[in-house]
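Step one of this worksheet: look at the structure below.
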Amino acid sequence: MAVTDAHIHVQPWWELKPAVLETMTRGRADVDELQKIMKSPSHLLRRLDADGIDRAVLVNYPSPDLMGFTSRVNQYVAEYCKAAPDRLVPMGGVHPRFTEDAAAEVRKAAELGVRALKIHPCHMAVEPNAYLHGLDTLRAIYEEAQRLRLPVMIHTGTSVFPGARSRAGEPMAADDVAVDFPDLRLILAHGGRPLWMEQAFFLVRRFPNVFMDVSSIPPKAILKYFPRLAEIADKVLYGSDWPAPGVKSMGTNLDDFRSLGLPPDALVRMLDTNARRLFP
Ligand SMILES: [Zn+2]
């Protein structure tokens, strides 16, 4: 079985604010390797090989005021993934509060090669349904992504980075998005962990185009968070969230996930087939 890690962060760390970089790297023994990986795909491919990962989705998004990432992330991740287009999937983003022409920015990202978009409500300080309350750029992002068939990942759950607005991570606001953009494929990152798993589970079952990933949940605890995970196996993506704080190794996470005793057909879907459907 080929394995896709549908949620890793290979990002331009040189754009990060110092306090954010400190949170990202605190207590890690592999910072030198990570610094090389952020600059060079060959280092990442070696790491993926060592960890038994065939494909990975490289999650990026702009967040100039909280994290430091600018709109250059799209160019960065698109270029980076050209080193191995069969293995690396570039995910970028457009910031609804820092764009004049959101639809044009989405098109430009797609032209660069970006294959999915991320909305990070906690790091963008934007509720996923803020287009209902006047944020027209957010509506334009969803509309254009739907038209171009780009899946949109929405971070759900808390965040520990300085300045992060965890309240915006509540999944239920994505209910509006799923209703208003029925052909848009949504991925609820992290399944709402650790506060809102029931909401995420509901949304995944309720809407045909709503998926979720299990990244950043300690794999050994996933079935405590989602006892009925196997029931939604065709809507779940495996992911690690490496190298976010607390996520030491893609390989260890994968081993732990495989050891959960999930039915083999469910495992194949979550580790491989679902990701190939969303990111062909
Ligand atoms: Zn993440």
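The values are calculated or read from the model by the stated rules, or taken from the named source; none is laboratory data. Being a predicted model, the structure only gives us computed values, none of them experimental. Glycine also receives a Cβ, built like all others from the backbone with ideal geometry; neighbour counts cover every protein chain displayed. Please note that ligands, DNA and RNA were not included when accessible areas were found on the heavy atoms of the full protein model with its side chains. Shrake-Rupley method; radii C 1.70, N 1.55, O 1.52, S 1.80 Å.
Remarks
- Any hit, segment 61-68, residues being out of contact with any helix residue (DSSP H, G or I) (no Cβ under 6 Å at 6 or more places or on another chain), under 13 Å from residue 11 (Cβ atoms) and among the aromatic types (Phe, Trp, Tyr): yes
- Hits in segment 111-143 (condition: surrounded by 20 or more Cβ atoms within 10 Å (Cβ to Cβ) and over 19 Å from the mean Cα position of the chain (by Cα)): 130, 131, 137, 139, 140
- Filter pass, residue 162 being within 24 Å of residue 64 (Cβ to Cβ), open to solvent by 10 Å² or more (accessible area, probe 1.4 Å) and of a type outside the set (D, E, K, R): yes
- Checking every residue in segment 216-229 against the condition of being closer than 17 Å to residue 2 by Cβ and under 19 Å from the mean Cα position of the chain (by Cα) gives zero matches.
- Among the candidates 241, 213, the residue that is at positive phi, charged (D, E, K, R) and within 16 Å of the ligand (Cβ to nearest atom) is uniquely 241.
- In the set (1) surrounded by fewer than 16 Cβ atoms within 10 Å (Cβ to Cβ); (2) touching a Phe, Trp or Tyr at 6+ places or on another chain (Cβ under 9 Å), the condition left unmet by residue 169 is number (1).
- Of all residues making up segment 1-27, the number that are within 16 Å of the ligand (Cβ to nearest atom), over 18 Å from residue 64 (Cβ atoms) and touching a residue at least 60 places away in the same chain (Cβ under 8 Å): 6
- Every condition in (1) away from the ligand (no atom under 16 Å from the Cβ); (2) open to solvent by 10 Å² or more (accessible area, probe 1.4 Å); (3) at negative phi holds for residue 261 except the one numbered (3).
- Residue match in segment 44-51 (condition: without any contact (Cβ under 8 Å) to a residue 40 or more places away in the chain and buried (at least 20 other Cβ atoms within 10 Å of the Cβ)): no
- Counting only residues that are within 12 Å of the ligand (Cβ to nearest atom), within 15 Å of residue 190 (Cα to Cα) and not aliphatic (A, V, I, L, M), segment 159-169 holds 2 of them.
For (1) within 15 Å of the chain's Cα centre (by Cα); (2) crowded, with 24+ Cβ neighbours inside 10 Å; (3) under 25 Å from residue 130 (Cβ atoms), each residue gets a yes or a no:
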{"position": "78", "(1), (2), (3)": "no, no, no"}
{"position": "91", "(1), (2), (3)": "yes, yes, yes"}
{"position": "101", "(1), (2), (3)": "no, no, yes"}
{"position": "107", "(1), (2), (3)": "no, no, yes"}
